[in-house]
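The values are calculated or read from the model by the stated rules, or taken from the named source; none is laboratory data. Quick caveat: nothing in here was measured; it's all calculated off a predicted structure. As a convention, Cβ positions derive from the backbone with ideal geometry for all residues, glycine included, and neighbour counts pool all protein chains shown. The area values use the complete protein model at the heavy-atom level, side chains included, leaving out ligands, DNA and RNA. Shrake-Rupley method; radii C 1.70, N 1.55, O 1.52, S 1.80 Å.
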Amino acid sequence: QVQLEESGGGLVQAGGSLRLSCAASVSILSINTMGWYRQAPGKQRELVATTTSGGTTDYADSVKGRFTISRDNAKNTAYLQMNSLKPEDTAVYYCRATRVWVEYWGQGTQVTVSS
């Protein structure tokens, strides 16, 4: 069982930055893929960024060049650095982990970007 706890969300003006954290209850060395997803009101949950244990990263086109995903194995934590935020980035952001073909989700953290 893997528990994930997100933090770092909040209200920010357009053009600002936030860093989200996802703390795992187990060593993330045992987690194949960690990722960030988001869900805006009335919309489906969508992929934002992923990172694998091998260091491969992937990003949605809408965030490329603005967001950076990273992981700190020593702290069992994954991060999402979000720069140049836009109002359309407003959503609940969820952390997801895949370990031995089982997926786990955090409770989500709200990010609101004002224009």
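Listed conditions (1) open to solvent by 30 Å² or more (accessible area, probe 1.4 Å); (2) modelled with pLDDT of 95 or more; (3) among the hydroxyl-bearing types (Ser, Thr, Tyr) are all met by SER27, apart from (2).
Of all residues in the stretch 77-115, those that are outside any strand (DSSP E or B), open to solvent by less than 40 Å² (accessible area, probe 1.4 Å) and without any contact (Cβ under 8 Å) to a residue 60 or more places away in the chain total 2. Take GLN39 and tell me if it is touching a strand residue (DSSP E or B) at 6+ places or on another chain (Cβ under 8 Å) and either on the phi > 0 side of the Ramachandran plot or open to solvent by 70 Å² or more (accessible area, probe 1.4 Å) (or both). No; evaluated as a whole, the condition is false for this residue. The stretch 1-62 holds strands (runs of 3 or more DSSP E) entirely within its bounds, and those carrying 2 or more residues that are closer than 11 Å to ALA97 by Cα and free of Cβ contacts under 8 Å to residues at least 40 places away in the same chain map to 46-52. Here is the figure for the stretch 43-55: residues that are open to solvent by 60 Å² or more (accessible area, probe 1.4 Å) and either at pLDDT below 95 or in contact with a helix residue (DSSP H, G or I) (Cβ under 8 Å, 6 or more places away or on another chain) (or both) total 2.
Within the stretch 66-115, being of a type in the set (Asp, Glu) and more than 20 Å from ALA24 (Cα to Cα) holds for GLU88, ASP89.
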